[in-house]
Amino acid sequence: MNLQFEVREGRGVVTLGGALTAANVDSFRDQVFRWMNEHDSVRQMVLDLGAMEFIDSAGLGLLIVLLKRCGERGGDIRIARLQKRARLVFEITRAYKVFEIFDTVDEALKASA
């Protein structure tokens, strides 16, 4: 799992590469929460999942935890560039009803403006 964090247009962009599974959700959660604490003015986040190869139920559960955490801060999470294999998990679990999903990071940033 590879993670990159940046602030664009006052919103957080988290780029995730590799897989988000039970094997690494704790590390991902810790890194994202630490970044959120360091950037507490950031309320809106975009998860760029264009390089994410796979997500399992543990990974999806963590994304829901992140959505709740952002909601508690008065913000939300948008998902961008969800790839075919991961999109299938979102469709099977109906997670697409919980998250707004966009084709590009720019579209997600504009929608959260």
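The values are calculated or read from the model by the stated rules, or taken from the named source; none is laboratory data. All figures in this text were calculated on a predicted structure; none of them were measured in a lab. For neighbour counting, all protein chains shown are included, and Cβ atoms are generated from backbone atoms with ideal geometry for every residue, glycine included.
Just a few scattered comments:
- Boolean, VAL13 is in contact (Cβ under 8 Å) with a residue 40 or more places away in the chain and either of a type in the set (S, T, N, Q) or over 16 Å from VAL98 (Cα atoms) (or both): yes
- Extreme residue, surrounded by the most Cβ atoms within 10 Å (Cβ to Cβ), among residues of the stretch 34-49 that are farther than 13 Å from LEU109 by Cα and in contact with a strand residue (DSSP E or B) (Cβ under 7 Å, 6 or more places away or on another chain): LEU49
- If you check LYS110, LYS97, LYS84, LYS68 for being exposed (fewer than 15 other Cβ atoms within 10 Å of the Cβ), out of contact with any Lys or Arg (no Cβ under 7 Å at 6 or more places or on another chain), within 11 Å of VAL46 (Cβ to Cβ) and free of Cβ contacts under 8 Å to residues at least 24 places away in the same chain, only one passes: LYS110.
- Taken as a whole, the structure leaves LEU60 outside the set of residues that are assigned to a loop (DSSP other than H, G, I, E, B) and within 12 Å of the chain's Cα centre (by Cα).
- Some residue of the stretch 16-26 being over 21 Å from TYR96 (Cα atoms), modelled with pLDDT of 95 or more and surrounded by fewer than 12 Cβ atoms within 10 Å (Cβ to Cβ): yes
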